[in-house]
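Report on one structure; see the data block that follows.
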Amino acid sequence: MIFIIVFGAVAEADTSVARVTSNSYEDSFPQIKGDYLIWQGFNDGQWDVFLWDGSETQAMSDRSDPVLYLTDVYGVTLLATTVHDEEEVDAWALMLAGKLSKSGKVSPFITVGAGIMPTNGDAKPSATVPSLGFSRSLSSSDSDTKACGKFGAGIGYFPTKNVSLGLEGSYVFGLGDFAFDLGFFGDREMDIRYFIFTLGAAYHF
């Protein structure tokens, strides 16, 4: 919620308070430039830019994209861009896997596994409105953990009875969408799946 104090110079100085916003979400970082007031509001899980011209409030951002596009308002050019310095998700998997192989010096095999996949999402956006002197930078992160599964296949080679070399390709997938609250970027739901190839050696007792 934002209030603005208005000073008037008449026969004697007086002060009045005008209520600019009336909503249930967070309004923050107000900036005043001349006759205009601009701020950000966290509306429906996403940050928007609002402008008050002294009589009414307008939502200035285009929510079709994380980049904010502002237009000309009352002869003032408002250009706000969001720079995606970083927006990335890191994921790793911890699982138990079973292996079915064919005996022999050259041994093809398949693997099946299940486990958990912890993930972490990071975003570092920044928005500026040069004509109003408005600048805002954020750093947001969130994490989520889901069950995951794995299917793989490969081939092993036994140069000796107890030593093997192996090459395996695996498909790892999360069971369900991972949800991240990245602040300025709003909520993100991601379906995380990836391929991994491993080359290794093993000693068999």
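The values are calculated or read from the model by the stated rules, or taken from the named source; none is laboratory data. Just so you know, these numbers come straight off a predicted model, no measurement behind them. Methodologically, a virtual Cβ is constructed for each residue, glycine included, from the backbone with ideal geometry; neighbour enumeration extends over all protein chains shown.
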*asked:* Considering only the range 196-204, I want to know if a residue exists there that is of a type in the set (A, V, I, L, M) and closer than 17 Å to ILE116 by Cβ.
replied: yes
*Can you spot a residue in the range 25-44 that is assigned by TED's automatic domain parsing to the domain that holds GLY174, out of contact with any Gly (no Cβ under 9 Å at 6 or more places or on another chain), modelled with pLDDT of 75 or more and under 26 Å from GLU189 (Cβ atoms)?*
no
